[in-house]
Amino acid sequence: KDERQHAVKAYWDKADPYYKENDTESFVDLMQRVDQMIEMIRLSPYDKIVVISHALFLKAFQWRQYYQSMNMSDFYQWAQYIDIPNTGIITSLFYQDKLGDDRILSERIDGSEYRDNGFFNIKGEFYG
């Protein structure tokens, strides 16, 4: 486990969004996969869609709603405040704002809420 944690820390410390090791996914690849999923959901005719994924992907999904940055350090720092366990359950509402821009409002089943431009945890503390 320590070896894995060391490798994960080294990956984020390197902060190279194009870095891949063997057959792994780069940070850019992850964000492109998230963008593809968002587009698929946006174009879907269905009212309800279930997405099951790992915590990192779900965090990246939330990140892309607020930021277009490919800065790994910013993402990693932001993601530390977002408590989504692997296979955690969140609900998301896709809607258009007054300017016609696509937006998402998400809420964790445990009561933690994501808001535009920030995150409220279950205790009501804001991270933005």
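Identify, please: which residue in region 80-109 is modelled with pLDDT of 65 or more and touching a Leu at 6+ places or on another chain (Cβ under 6 Å) and is, among those, surrounded by the fewest Cβ atoms within 10 Å (Cβ to Cβ)?
It comes out as L93.
Could you grab me the full set of residues in region 24-79 that are within 16 Å of W12 (Cα to Cα), of a type in the set (S, T, N, Q) and open to solvent by 20 Å² or more (accessible area, probe 1.4 Å)?
T24, S69, N71, S73, Q77
Residues in region 12-38 that are of a type outside the set (A, V, I, L, M, F, W, C), part of a helix (DSSP H, G or I) and under 29 Å from V50 (Cβ atoms): how many?
Qualifying residue count, region 12-38: 5.
To keep it simple, each residue is scored yes or no on (1) in contact (Cβ under 8 Å) with a residue 40 or more places away in the chain; (2) at negative phi; (3) under 14 Å from the mean Cα position of the chain (by Cα).
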| position | (1), (2), (3) |
| --- | --- |
| A7 | no, yes, no |
| A10 | no, yes, no |
| N22 | no, no, no |
| D35 | no, yes, yes |
| Y46 | no, yes, no |
| F57 | no, yes, yes |
| R64 | no, yes, yes |
| Y67 | no, yes, yes |
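Those residues that are among the hydroxyl-bearing types (S, T, Y) and open to solvent by less than 100 Å² (accessible area, probe 1.4 Å), I need them from region 6-23; list them, please.
Within region 6-23, Y11, Y19 meet the criteria.
The values are calculated or read from the model by the stated rules, or taken from the named source; none is laboratory data. Note that the structure is predicted; figures quoted are calculated from it, not measured. With ideal geometry, Cβ positions are generated from the backbone for all residues, glycine too; neighbour counts draw on all protein chains shown. Areas reflect the complete protein model, heavy atoms only, side chains present, ligands, DNA and RNA absent. Shrake-Rupley method; radii C 1.70, N 1.55, O 1.52, S 1.80 Å.
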